[in-house]
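S.K.: Below you'll find the structure I mean.
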Amino acid sequence: MGSFFSYIILGLSLAAPIGPINAAQLDKGIKHGFLHAWFLGIGATLVDALYMMVVYFGSIHLLNSEFMKTLLFSFGCFVLIYTGIESLVTAKAITETRNTSEESVLKCFASGFLLSLTNPLTILFWLGIYGSVLAKTAATSTVQELIISSCAIFVGILIWDVTMAALSSTFRRYLSLKLLTLISIVSGLSLVGFGIYFGIQAYALLT
């Protein structure tokens with residue numbers, strides 16, 4: 001049981017560092033509330049689950065090729081810059097009732113899925129971290145224990161997803177409009193920054 005909780009904490013630690021998904025969740029939560037931010041996180045979490053399976057079944061070399069990394073960096077650059085600019089454009093649309101134009105939760109889900117899917121750092125992240133976990137536990141654990149450990153990591157990620165959605169929707173409820181707008185602008189700029197970084201990486205791989 002102690003080992004299970006330690007892997008949950010590992011999952012939380014993996015999800016916690018500020019990155020494109022956390023920035024996008026914060027933006028969605030401020031503008032639309034808990035459900036939209038949560039669904040964006042669920043979309044990203046689904047990609048985490050897919051990459052965990054890829055690493056588990058040993059197919060990571062297919063995604064770790066130079067061609068795939070270049071393709072993902074390029075597409076990720078486009079998706080992040082587009083999402084960031086959209087965030088900046090709609091930043092001033094936050095009203096006194098904290099409502100903007102209605103946005104489908106399915107669109108938020110798709111946005112989170114694409115943001116995570118097109119992030120090559122996610123692939124490298126899971127290869128390095130989860131691959132290390134598998135290497136460490138495979139020698140001393142059964143297949144069933146490996147699956148339980150993997151599920152515990154995933155539970156930690158889901159807990160962080162709910163935490164970020166709750167935090168951003170709390171900001172939405174209690175912070176002033178000026179501060180909410182500022183947070184939204186910073187979130188949008190960070191997404192554009194990540195997009196530019198991905199573009200530079202794609203260019204470096206091409207040259």
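S.K.: Rolling a 1.4 angstrom probe over the protein chains, ignoring ligands and nucleic acids, what is the accessible area of PHE34 in square angstrom, nearest 10?
M.R.: 80 Å²
S.K.: Quick one: how many Å² of SER184 are accessible to a 1.4 Å probe, rounded to 10?
M.R.: The value for SER184 is about 0 Å².
S.K.: So, one more: Taking 0.36 nm per intervening residue step and subtracting the Cα-Cα distance, what contour gain separates ILE147 from TYR56 on full extension?
M.R.: Answer, rounded to one decimal: 31.8 nm.
S.K.: Could you work out how far apart the two model spin labels at LYS178 and THR163 are, taking each label as a point 7 Å from the Cα in the direction of the beta carbon, and quote it in nm?
M.R.: Taking the two extended label points, one gets 3.1 nm.
S.K.: Probe radius 1.4 Å, ligands and nucleic acids left out: which of MET53, MET68 has the largest accessible area, and how do the rest follow?
M.R.: On the way: MET53 105, MET68 45 Å².
Descending accessible area places them as MET53, MET68.
S.K.: Now a separate question. For labels at TYR82 and LEU46 in the simple 7 Å Cα→Cβ model, what's the distance in nm?
M.R.: Modelled inter-label distance: 1.7 nm.
S.K.: Length gain on complete extension for the stretch ILE196 to MET68, per 0.36 nm per residue less the alpha carbon to alpha carbon distance?
M.R.: Length difference between fully extended and current span is 44.3 nm.
The values are calculated or read from the model by the stated rules, or taken from the named source; none is laboratory data. Predicted model, so just to flag it, every value in this text is computed and none were measured. All Cβ positions, even for glycine, are placed from backbone atoms using ideal geometry, and neighbour counts span all protein chains on display. Note: accessible area is taken over every heavy atom of the protein model, side chains too, but ligands, DNA and RNA are not part of it. Shrake-Rupley method; radii C 1.70, N 1.55, O 1.52, S 1.80 Å.
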